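The values are calculated or read from the model by the stated rules, or taken from the named source; none is laboratory data. No experiment lies behind these values; they were computed from the predicted model shown. Don't worry about glycine lacking a Cβ; one is built from the backbone with ideal geometry, like all the others, and counts go over all protein chains shown. Remember, those area values only see protein heavy atoms, side chains included, never the ligands or the DNA or RNA. Shrake-Rupley method; radii C 1.70, N 1.55, O 1.52, S 1.80 Å.
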Amino acid sequence: MFRDLLSPLSGLTFFQWGLLAIGLGLALWILVRHGAGIVRFAGETKAELQKCSWPWNPQEQGPRKYKELIDATMIVAISALFLAAFVTSWDFLLVHVIGLFTHSHA
């Protein structure tokens, strides 16, 4: 099993092995130097994420569980379509108005 994990590494060149060693050494150095900070950051991140209000109801089952998430996604998608239509319309209009003044139509 361990041999299967290492099989993709068997075809590496000397240069690639060197880059791999430098990368692993750098990762180890960062972990040793800043390990406590990384652990503290992960702990604080977990604590903050537990305070969040997630857009689904854990008591519900099936598609109703994600009603808030689906509704919010639909609002964003529809708003994006309206914004795209608005920008496209103004672009079309301005291209033709400016084309009238410059006598060149796109």
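Heavy-atom surface analysis with a 1.4 Å probe gives the chain a carbon and sulfur content of 73 percent of its accessible area. Estimated from helices alone, the mean residue ellipticity of the chain at 222 nm is -26500 deg cm²/dmol (sum of -39500 (n - 2.57) over DSSP H runs with n ≥ 4, per residue). For V95 and L49, the FRET efficiency from 1/(1 + (r/R0)^6), where r spans their Cβ atoms and R0 equals 35 Å, is about 0.15.
With kT/(6 pi eta Rh) evaluated at 20 °C and eta = 1.002 mPa s, and Rh the Kirkwood radius from Cα pairs, the chain diffuses with a coefficient of 101 µm²/s according to Stokes-Einstein. Estimated at the nearest 10 Å², the accessible area of F92 is 130 Å² with a 1.4 Å probe. Charge dipole of the chain (Cα centre as origin; +1 on each Lys and Arg Cβ, -1 on each Asp and Glu Cβ, all else neutral): 380 debye, rounded to the nearest 20.
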